[in-house]
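Nothing in this text is a laboratory measurement; each read-out follows from the coordinates by a stated rule. Worth saying up front: this structure is predicted, and the values here are computed from it rather than measured. Here the Cβ is made from the backbone with ideal geometry for all residues, glycine too, and neighbour counts use every protein chain on show.
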Amino acid sequence: MPMSIEVRTHTALHIVKGAIVNVLGEDAKWSTSAGVNGSHGRIAVEFNRKPTDEEITEIQRKVDQKIAEDAKIEIHQLSRKDAEDRWGDWIYDKFPLPESIQQLSVFYLPDWNVNACNKKHTETTGQIGSIKITKTRYRNSKQVLEVSYEVA
């Protein structure tokens with residue numbers, strides 16, 4: 001059964017985020033916002049400078065490569081403590097989880113992206129289809145890089 005466009009577009013958030021961190025480094029690990037609407041997605045990360053055109057091209061190349069790999073996506077159900085012990089603060093974004101949440105669902109794509117996330121995801125990266133970065137905007141005043149994309 002094909003996955004809904006929302007599931008594919010949401011899973012794409014994790015692929016784009018992984019590519020951003022892969023190319024720009026740990027300085028880009030903190031997501032400040034993310035959104036999905038149909039086949040359109042947008043993720044914003046803290047970053048200390050405007051990326052070069054070459055870096056944006058490399059992010060797209062890494063996204064394409066990860067989709068082509070058809071890599072298996074792992075979803076782990078575990079206690080917050082166990083998740084933090086295993087992955088540290090990498091599972092979090094700038095919008096923290098309330099302390100009352102002690103059981104986590106963690107999206108894990110080895111050597112790519114790990115994130116506490118209770119949404120539904122595709123089983124592999126290839127099930128997403130294609131991801132095309134459509135726009136990037138660097139907001140110097142907030143030191144935030146916004147990346148928009150479409151899933152087809």
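Report the full-extension gain for the segment Asn48 to Asn140: residue separation times 0.36 nm, less the Cα-Cα distance, to one decimal in nm.
Working: separation 92, 0.36 × 92 = 33.12 nm, distance 0.81 nm.
Gain in length upon complete extension: 32.3 nm.
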*So for Asp85, Asp64, fewest C-beta neighbours within 10 Å to most, what's the order?*
Asp85, Asp64
_Using helices alone, I'd like the mean residue ellipticity at 222 nm for the chain: each DSSP H run of four-plus residues gives -39500 (n - 2.57), total over residue count, nearest 500._
-9500 deg cm²/dmol
_For Rg and Dmax of the Cα atoms in Å, one of [x] 19.2, 70; [y] 15.4, 55; [z] 14.7, 45 was computed from the structure I shared and the rest are decoys. Which label?_
[z]
*For the chain, with a Gaussian network of springs between Cα atoms less than 10 Å apart, report the residue from Glu54, Glu123, Glu46 with the top mean-square fluctuation.*
Glu54
*Filter the DSSP H helices in the chain by two things, a Kyte-Doolittle mean of at least -0.5 and an axial alpha-carbon span of 18 angstrom or more, and list the hits by number.*
5-24
*For the chain, modelled as a Gaussian network with Cα springs under 10 Å, which listed residue fluctuates most, Phe47, Phe107, Phe95?*
Phe95
*Roughly how many whole Å is it from the C-alpha centroid of segment 60-95 to that of segment 119-152?*
15 Å
*Rank the residues Thr134, Thr122, Thr9 as a footprinting-exposure proxy: fewest other Cβ atoms within 10 Å of their Cβ go first.*
Thr134, Thr122, Thr9
_Taking the beta-carbon count within 10 Å as an exposure proxy, list Ser130, Ser39 from fewest neighbours to most._
Ser130, Ser39
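Which pairs, out of Lys29/Lys72; Lys94/Lys119; Lys81/Lys142; Lys29/Lys62; Lys29/Lys120, put more than 26 Å between their alpha-carbon atoms? Spell out each step's value before the answer.
Details: Lys29/Lys72 22 Å; Lys94/Lys119 18 Å; Lys81/Lys142 32 Å; Lys29/Lys62 16 Å; Lys29/Lys120 22 Å.
Violating the 26 Å limit, Cα to Cα: Lys81/Lys142.
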_Along the Cα→Cβ direction, 7 angstrom out, place labels at Trp90 and Ala152. What is the inter-label distance in nm?_
3.2 nm
